[in-house]
Every structure is written in C-alpha cells, then in structure tokens.
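All remarks here apply to the structure that follows.
The values are calculated or read from the model by the stated rules, or taken from the named source; none is laboratory data. Predicted model only: the values in this text are computed from it and were never measured. Every residue, glycine among them, receives a Cβ derived from its backbone with ideal geometry; neighbour counts consider all protein chains shown.
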Amino acid sequence: MKNSVIRNGFVEYCSSLVLLPLPSILIRSNLSLLMILFSHVYGQAQEKPIPQDSICPQKDIVDLIRIARNKPSKSKPTDASSLILMPIIGSNPATGFMVGVGGQYAFKMPESKLYSLINGSVQFTTKNQYLFMLKNNIYSRKERIFYTGDWRFLVYSQTTYGLGTNSPEGGALDYQYNLGGLETSSDSLAQPMTFNFARLHQSMGFKIVEGIYLGLGYQFDSYFKIVDEKLRLNPGDTLITSHYYYNSLYGFDKKKYYSSALSATFMIDKRDNMIQPHKGYFLSLGLRAAYRIIGNKNDASMFNAEWRSFHGVSKKNPAHLVAFWVLGSFAKEGQFPYMILPATAYDQRSRSTRGYTQGRYRGSQYVYSEAEYRFPISRCGGVLGGVVFVNGTTTSNQALDLKVFESIKAGYGFGLRVMLDKYSRTNLTVDYGFGEKSSGFYLAVSETF
C-alpha cells in the first residue's frame with residue numbers, strides 16, 4: 001500500500017474526501033496497549049479537577065455569520081429540522097477527479113425526543129466511477145419503531161490485499177499457493193479489481209421498553225461484472241489472486257455473486273442524540289442468516305455486534321468527553337464469498353478505520369475498536385472543537401491458522417470540529433488519520449460515531 005490511504009471515493013454524510021501523500025508511518029501495537037492508553041487518559045481526566053469550561057450558550061457557524069453582519073441571532077424550536085447540502089469536489093489516485101453533491105436531513109418525528117437522520121450522496125469520477133448512496137436512521141412517533149437502512153449502487157474499483165491483518169501488501173500473491181497445478185508469483189504488491197456493487201439493507205426495530213428494540217430486516221449484497229485485474233491463468237504466465245484463490249477453494253463464482261439474508265437484531269439505545277451524543281451508550285447484537293431457502297448457494301450465517309459509549313469529563317461542558325466504539329463480525333470461513341466478508345470501513349457509514357483504506361484488512365472473523373477524546377476549543381459558544389483518536393483492527397485467516405487478536409493493526413490521528421447546526425448538534429469534521437504505511441485526510445459531516 002502506498003503512502004496515502006483512500007476511502008475509495010466513498011463520501012458519507014455529505015463528506016468529500018481528499019487524500020494527501022505523507023511519509024510512511026510504521027505502527028506496531030496491540031489492542032490491549034491501545035485500551036490501556038485511553039483508560040489511563042480517561043482515568044487522569046476524571047482524577048483532575050473539573051475544568052472550568054465555558055457555560056456560554058451554544059453557537060454555530062450561522063450565529064457567527066449573523067454576528068459578523070451585525071444581525072441579531074434567530075432562535076428555532078428545539079425540535080427544528082436541519083437540512084445541509086454540500087458540493088463534493090476532490091481528487092485522489094483511486095478515483096481521479098470527483099464531483100458530486102451530498103446532503104443530510106436531521107429531524108424529529110411527532111412526539112419523539114430523538115433526532116432521526118437521512119443522508120446520501122451522488123458522485124462521479126474521471127475514472128468512470130459512479131456512486132449513489134442513501135442511508136436512513138429514523139425513529140417513528142414516540143420512538144415506537146426504529147428504522148435503519150443502507151442503500152448503495154456503485155460502479156467501482158478497489159484494491160484488495162488478501163485475508164488477515166498479517167497479510168502483506170501482496171496478499172495471496174506473496175504466498176506460493178498451488179491451485180490445480182498453477183503457482184503464483186510475487187511480482188505485484190496490490191490486487192486491483194473493478195466491479196459493480198448493489199446493497200439493500202433495511203430493518204425495523206420494535207420498542208419493547210424505553211430504549212430497547214427487537215428488530216427484523218433484510219440484507220442483500222451483490223457484486224457483479226467483477227474484473228480481477230492482476231489475475232493471469234495462462235500456462236507459463238500465471239498469477240493467482242486472493243479473490244480467485246478463495247472463491248475457487250470454496251466453490252464461489254469469480255465473476256458475480258450475492259448474499260441474500262434475513263436479519264434479527266437486539267438493540268439498546270440510551271444515547272441522548274444520534275448525531276453527536278454527549279452521554280449514554282448504544283448496543284446492537286445481530287444475526288445475518290443467508291440460507292439456501294432464500295436463494296443462497298449454501299447455508300451461511302454471521303453474527304454482528306456493535307458497542308458505542310460516551311463518558312463526560314466535565315460537569316460544565318457536556319461536549320468534553322471520551323467515547324468508545326467496538327465492532328465485531330464473526331462467520332465461518334468459506335460460508336460467504338470473498339468480497340462479502342467483513343472488512344475495514346464497511347460499516348453502515350464507512351467511517352471506521354481512519355488511517356487505512358476501505359477493504360485493506362478482510363477476514364471471516366473481524367474486530368475493530370476505537371477510542372476518541374473530544375474537547376472544546378472555543379472559549380465561548382463551542383463553535384470549534386477538536387478530537388484525538390486511536391484505533392485497532394484484527395482479522396483472521398484460516399489458511400495461515402491466524403486467529404483474531406493474533407495480529408493487530410493500529411491507527412491514530414487528530415481532527416477539528418466546526419458546529420454547523422447547534423440544534424441537531426451537526427458538526428463539520430476534518431480528520432487526519434495514520435496507519436501502518438498509510439495515512440489519510442477525511443472531510444465529512446457529523447461525528448464518526
């Protein structure tokens with residue numbers, strides 16, 4: 001992987017993405033050290049005297065503009081909706097020059113205390129990539145039902161690197177696999193692919209008691225028109241890629257495949273705000289059941305878990321906090337096709353693993369964790385804020401007898417926050433992330449988690 005990391009043109013929550021080349025950063029760490037570091041930071045923050053943070057009324061960028069123009073501030077109801085539209089303009093090696101538009105709509109349903117969110121984007125690139133995305137996280141009246149969805153259609157290209165967090169930059173190409181008498185060579189570092197990708201994930205969670213939901217849904221992922229650009233099968237000139245090797249080993253097609261699954265979810269949401277929480281926690285436990293009876297090649301299942309929690313470190317400013325995020329996906333190797341396996345930055349909003357490219361680490365067993373310290377910068381009004389973060393990723397590779405937590409890749413970084421809408425707590429986020437031999441610049445709307 002080169003010295004820059006690419007989110008592959010994906011823009012989430014009206015984000016645009018520009019990647020800058022940086023010197024290679026080599027990070028050797030483990031998950032326990034990562035969590036010890038942030039536990040220490042968090043513990044010290046609690047032991048020290050409570051900082052004398054601002055108690056000024058919250059302001060946003062609109063307030064600053066009105067102040068600069070000597071116009072009085074306008075007040076809105078606390079349940080006012082917010083619509084943000086942003087142009088997307090950027091350039092990176094993966095997509096070339098890209099243009100598009102992104103939007104976010106935050107609102108409250110009648111008799112609902114919590115904000116709901118719909119966001120999406122449309123992008124076009126000079127490398128003939130087309131990206132259409134729409135996400136929804138909606139609470140119904142009185143929060144009786146929680147809808148969550150992830151809809152995408154991409155005409156796309158992406159580099160893959162093999163399975164496991166110990167996979168070298170060549171993935172399977174650096175191992176002398178033998179498949180039907182054909183051996184690989186290691187004359188390439190990365191395995192670029194082009195494909196079309198369609199996703200339809202939608203679920204409904206029904207409230208059991210306040211903040212606790214049981215849900216059902218449907219998850220469809222389809223990869224088609226796949227071109228494995230490094231694959232060569234000519235006698236005497238053969239190169240077997242990770243994608244070809246894995247799908248051949250487990251009997252999947254190499255040109256197209258899909259997963260059609262029913263999902264069952266248990267969710268607890270005790271956050272005070274979905275867009276930028278100041279306190280509370282979120283837990284989701286889900287089962288993805290992709291069985292033959294609903295059109296799959298074989299019976300397959302995947303267990304997914306997610307945890308987010310938010311812990312204030314100031315009694316006077318709730319925006320001063322430490323936040324934690326953990327993701328896990330667990331399936332048996334060989335049940336799902338290669339590209340449908342869990343991978344970096346394939347969460348609903350593609351916001352995880354800052355510092356690494358989307359799809360850099362992949363495996364049937366996948367765990368990701370992140371800790372972030374969020375703090376105000378503005379002395380009064382809270383328009384400007386900042387963050388520092390660390391993260392860790394671990395994935396498995398059965399062929400090499402690699403289990404999760406045996407190889408961990410760490411990332412870290414920092415960022416700036418600008419309050420766009422104080423009512424919904426929507427920030428403009430600007431982050432710089434560093435990974436092993438990679439780095440990236442991220443521009444988005446709303447917090448990473």
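Data overview
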| read-out | value |
| --- | --- |
| In the range 235-276, the residues that are in a strand (DSSP E or B) and not small (G, A, S) | D237, T238, L239, Y257, Y258, L262, T265, F266, M267, I268, D269 |
| Only one of S407, S446 that is surrounded by 23 or more Cβ atoms within 10 Å (Cβ to Cβ) and polar (S, T, N, Q) | S446 |
| Number of the condition not met by P192 [criteria: (1) surrounded by fewer than 19 Cβ atoms within 10 Å (Cβ to Cβ); (2) of a type outside the set (F, W, Y); (3) touching an Asp or Glu at 6+ places or on another chain (Cβ under 7 Å); (4) more than 22 Å from N397 (Cα to Cα)] | (4) |
| Residue ID - modelled with the lowest pLDDT, chosen from residues in the range 127-170 that are in a loop (DSSP other than H, G, I, E, B) and hydroxyl-bearing (S, T, Y) | S167 |
| Residues located in the range 352-396, provided they are in contact with a Gly (Cβ under 6 Å, 6 or more places away or on another chain) and surrounded by 24 or more Cβ atoms within 10 Å (Cβ to Cβ) | R354, G355, Y356, G363, N391, T395, S396 |
| Search result, residues across the range 331-351 that are buried (at least 22 other Cβ atoms within 10 Å of the Cβ), assigned to a loop (DSSP other than H, G, I, E, B) and in contact (Cβ under 8 Å) with a residue 60 or more places away in the chain | F336, P337, L341, A345, S350, R351 |
| Every pair of residues 6+ apart whose Cβ atoms lie under 9 Å, when the first sits in the range 391-405 and is within 18 Å of A345 (Cβ to Cβ) and touching a residue at least 40 places away in the same chain (Cβ under 8 Å) while the second is assigned to a strand (DSSP E or B) and β-branched (V, I, T) | G392/V367; T393/V367; T394/V367; T395/V367; V404/V367; V404/T394; V404/T395 |
| Filtered residue count, the range 413-440, keeping only those that are among the hydroxyl-bearing types (S, T, Y) and either out of contact with any strand residue (DSSP E or B) (no Cβ under 8 Å at 6 or more places or on another chain) or surrounded by fewer than 22 Cβ atoms within 10 Å (Cβ to Cβ) (or both) | 3 |
| Unique match (being within 27 Å of P57 (Cβ to Cβ), in a strand (DSSP E or B) and modelled with pLDDT of 95 or more) among F324, F310, F303 | F310 |
| Search result, residues across the range 208-236 that are at pLDDT 95 or above and charged (D, E, K, R) | D221, K225 |
| Residue in the range 208-228 that is surrounded by fewer than 14 Cβ atoms within 10 Å (Cβ to Cβ) and assigned to a loop (DSSP other than H, G, I, E, B) present | yes |
